[in-house]
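Comments concern the structure below.
The values are calculated or read from the model by the stated rules, or taken from the named source; none is laboratory data. Predicted model only: the values in this text are computed from it and were never measured. So basically every Cβ, Gly included, is an ideal-geometry build from the backbone, and we count neighbours across all protein chains shown. The accessibility values were calculated without ligands, DNA or RNA, using every heavy atom of the protein model including side chains. Shrake-Rupley method; radii C 1.70, N 1.55, O 1.52, S 1.80 Å.
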Amino acid sequence: MTGDLVFVLLALLTIVPAIWVAFSPNIVHAGFALLFTLFGAAGLYAYMGADFIAVTQLMVSVGGVLVLVLFTVMMTRVPQKGRANFGFDHFVPAAVFALGVFALLYKTITSVDWGASPSEALPTTAEVGTNLMTSYIFPFDYVSLVLLAAMIGACLL
């Protein structure tokens, strides 16, 4: 019963701010709501036993991307004008796309056997580290070189 309560609280921490992100007219408020959404997603990963993905979510998404977005938004001065009046034709493609995504999610949710017994959550960090340094050392080094090139390019810009 306690596990269900934790899951529901983490799901609410993820879903409610995500709705705020989608419907907030203020981009700074939307950015801070995105912070809570990403924290909730990291909490759900940790709850499922994916500790490495949870920490990676916090470090990359919250620590890097969101801070960069918020500083960029707060440092730029955009003139505030009245809201533009979009016609109905702007909402139709978005509504069709949203209905398609919801239909795909519904199909996926209803086709999964949710009665499976949960297995014990084991730490995944050691296995990921071992695989990165043995089986996947060359792709790991290539990615590090690409990131180094991107950092040098950012410094030059």
**OP:** Provide a single number: the residues in region 6-33 that are within 20 Å of MET48 (Cα to Cα) and of a type in the set (Ser, Thr, Tyr).
**Re:** 1
**OP:** Give the residue that is surrounded by the fewest Cβ atoms within 10 Å (Cβ to Cβ), with candidates limited to residues of region 117-157 that are hydroxyl-bearing (Ser, Thr, Tyr) and outside any helix (DSSP H, G or I).
**Re:** SER117
Subject >> All positions within region 57-78 that are more than 20 Å from ALA11 (Cβ to Cβ) and of a type in the set (Ser, Thr, Tyr) >> reply: THR72, THR76
Original post:
Name the pairs: first residue in region 8-28 and among the small types (Gly, Ala, Ser), second residue open to solvent by 70 Å² or more (accessible area, probe 1.4 Å), Cβ to Cβ under 9 Å, at least 6 apart or on different chains?
Top reply: ALA18/PHE36
